[in-house]
Ligand code: PHE
Ligand code: NA
């Protein structure tokens, strides 16, 4: 059986953007930005996206297109060594950890969407218990399991329909829908009372925080950059493995990063005015991950026309989450299909059954959830990406240069050597450093 491929290059780019744009942009980004003081964090984050994210993204594309394999097969075939295959196995395992909590949050979103559409928006506030209560005591429970399973089921359905017929078709519709809805919501948010205060917090350049706390910002900013660009678990390797024609990978990588950043900044322009209008300090909610949605769900119900706005907003979040979760689940599906010759349908069912269980643990145990979503994923992504980049720089070496240049013009050729040095030496060093500062600075 021949391996599947994307029908068009745009299809690949939109699928990769779909993977990138997700809960990371809409849920995690405002939360982390708020925690770290707003605009100064935004500046550091954008710098890392450009200098670390884009080259790393291209590195993953290079591995994927060169090998045309899932992460395990890719690292093993390209190196001729089973040990590197194990590193690929680490990526696949990390992707399963990631999807286990991601799908739970996706489930919350489906619930919010359903409640908003039915005009029950206030009910969802209670879903996380009282705003202001510690997230650890939020009401998890059987309902969260049910919605997690629903979200996971939707994810698996798209995957079963295949690369072209499922992922590519779905993301081609989802991405423009997300963009248009966000533009509309951003325009509406600009009319709200807290808008100007929010813009000052979010976009005003705060050089003082930047100078005082530059090193403290690096860790969280790097973590956010990797998460939002879907780096470190093998998603971008897997998606690029379905490319056949040799077109410019640097161009594709830059496109994905730019589009993801546009959507991310846009999401902030929707979320921050809402929080400020309601007098919720994004960083001082003190309740971490869940607080943002507690605040938002409460916010909508207090505003005129709230139900409609809430429905549009949670539709955006649901589409963004779904287009990302398919990219996470596809990693292990491609692993089972490539390595064990499983049918796509069976592979999706097997992985789905496993994640049904691991996700339910996250849904029921808020302690597990908090650890996975807050700390573990950051570490796994950083370690996984550093290993992949060392692989590109030191194991692939010349082959990586060839693949980087293939299909890219004179500019691509000119930057290829500095790129290889960056991904092989500078960026892994930086990643290890941020991991250390994260532990050293705030003791996480
Ligand atoms: N980029 C996704 C988001 O922002 C999350 C993700 C991480 C997806 C890693 C795939 C791999 O929500
Ligand atoms: Na997405």
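Every number here is computed from the coordinates shown, using simple stated rules; none is lab data. These figures come from a predicted structure and were not determined experimentally. Cβ coordinates were reconstructed from backbone atoms using ideal geometry, including for glycine residues, and neighbour counts include every protein chain displayed.
Helix 54-67 and the longest principal axis of the C-alpha atoms of the chain enclose an angle of approximately 50°.
Using a Förster distance of 35 angstrom, determine the FRET efficiency expected from the C-beta separation of residue 35 and residue 173, and round it to 0.05.
Numbers: r = 34 Å, r/R0 = 0.97.
My answer for the efficiency is 0.55.
The length gained by stretching the chain between residue 265 and residue 436 to full extension, at 0.36 nm per residue less their Cα-Cα distance, is 58.8 nm. Per-peptide packing, taken as the mean over residues of other Cβ atoms within 10 Å, places 107-116, 223-232 in the sequence 223-232, 107-116 from highest down.
On the basis of the beta-carbon distance and an R0 of 22 Å, residue 205 and residue 375 show a calculated FRET efficiency of 0.15.
Length gained on full extension, residue 353 to residue 308: 12.7 nm, using 0.36 nm per residue less the C-alpha separation.
Pop the C-beta distance of residue 346 and residue 187 into the FRET formula with R0 = 60 Å and round what comes out to the nearest 0.05.
Working: r = 46 Å, r/R0 = 0.77.
Working from the Cβ atoms, E equals 0.85.
Looking only at 49, 316, 146, which one moves most when the chain is put into a Gaussian network model with springs between Cα atoms under 10 Å? So, out of 49, 316, 146, the one fluctuating most is 146. Against the chain, whose longest principal axis is taken from its Cα atoms, helix 82-117 shows a tilt of about 30°. For the stretch 18-119, what class follows from the C-alpha gyration tensor (a ≥ b ≥ c being the square roots of its eigenvalues): rounded when a/c is under 1.5, otherwise prolate if a/b is larger than b/c, else oblate? Oblate is the answer for the stretch 18-119, as a/c is 1.5 or above yet b/c matches or exceeds a/b. Above 32 Å, the calculated P(r) of the chain contains 33 percent of its Cα-Cα pairs. Packing here is the average count of other Cβ atoms within 10 Å per residue, and on that basis the peptides 301-314, 382-395, highest first, run 382-395, 301-314.
A protection proxy built from the mean count of other Cβ atoms within 10 Å ranks the segments 366-372, 250-256, most packed first, as 250-256, 366-372. Computed from Cα positions, the angle between helix 306-340 and the longest principal axis of the chain comes to roughly 20 degrees.
List 338, 246 from most exposed to least, where exposure is judged by having the fewest other Cβ atoms within 10 Å. Don't skip to the answer; put the middle values down first.
On the way: 338 21, 246 12.
In increasing order of surrounding Cβ atoms, one gets 246, 338.
Annotation for the stretch 56-73 versus the stretch 198-222: alpha-carbon center distance of 33 Å.
How much length would be gained if the chain were fully extended between residue 180 and residue 246, taking 0.36 nm per residue of separation minus their Cα-Cα distance, in nm to one decimal?
Length difference between fully extended and current span is 20.6 nm.
From the helices alone, meaning DSSP H stretches of at least four residues, give me the mean residue ellipticity at 222 nm for the chain, per-run term -39500 (n - 2.57), in deg cm²/dmol to the nearest 500. Don't skip to the end; give the middle numbers.
Numbers: 21 runs with 324 residues, N = 444.
Estimated from H runs of four or more residues: -24000 deg cm²/dmol.
Considering only alpha-carbon pairs that sit under 8 angstrom and 6 or more positions apart, the relative contact order computed for the chain is 35 percent.
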